[in-house]
Amino acid sequence: MDIKITPVNINLLSQQEDYLFKKLKGLAKFSKPFGEKNDLFVTVGKIFPQQETGEIFFAEAKFSIPGKDIVCKVKGSSIKEIANRLKLNLRRLMVENRKTKQSRFRRLARLLKEKFNFRV
C-alpha cells in the first residue's frame, strides 16, 4: 500500500509526518483483500481562523482500489487526534466494503448454482 501525504495551509514537521505514516501503515493488513495495487492519498491541513475558532485541523483520505474509491473526511484539534480518527474511520470503511464485495460474490454463486442446477 502506497501512502502519499499532502499538507495544505500547514508545514508538517517530520515527527508529525512520521506519526501519520506509522498510524496509516497499520491499514495495510485491511487492504489485502482488495488486491496488490492500493494507493492512499491523504490531505492534511489547517482550517482558516475566519471559518472556525481555535486551531482546527482537517484530513481527507482517498483509498484508491481498482473499481471503487473509499473517501473519508475528519476534523480534530491536533494532528494526533486526526491520525487516530482517520485510521479508525478508514478501517471501518474498508471492512464494510470487503463484506459487500464478499456478499456480491455469494449472490452471484447462488444464482449460478440455481441456473445450472448444481447440487453439492
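The values are calculated or read from the model by the stated rules, or taken from the named source; none is laboratory data. Computed from a predicted model, the values in this text were never measured in an experiment. We place every Cβ from the backbone using ideal geometry, glycine too, and count neighbours over all the protein chains shown.
Specify which of the listed residues (LEU12, LEU40) is of a type outside the set (Lys, Arg), modelled with pLDDT of 85 or more, within 16 Å of ASN89 (Cα to Cα) and surrounded by 11 or more Cβ atoms within 10 Å (Cβ to Cβ).
Working: LEU12 fails: within 16 Å of ASN89 (Cα to Cα).
That would be LEU40, the only listed residue that is of a type outside the set (Lys, Arg), modelled with pLDDT of 85 or more, within 16 Å of ASN89 (Cα to Cα) and surrounded by 11 or more Cβ atoms within 10 Å (Cβ to Cβ).
Among the residues of the stretch 12-42, those identified as in a helix (DSSP H, G or I) and small (Gly, Ala, Ser) are SER14, ALA28, SER31. Here the condition is being modelled with pLDDT under 90, surrounded by 15 or more Cβ atoms within 10 Å (Cβ to Cβ) and within 18 Å of the chain's Cα centre (by Cα); of PHE34, PHE58, it holds for PHE34 alone.
The set of residues in the stretch 20-31 that are buried (at least 16 other Cβ atoms within 10 Å of the Cβ) and not hydrophobic (A, V, I, L, M, F, W, C) comprises LYS23, SER31.
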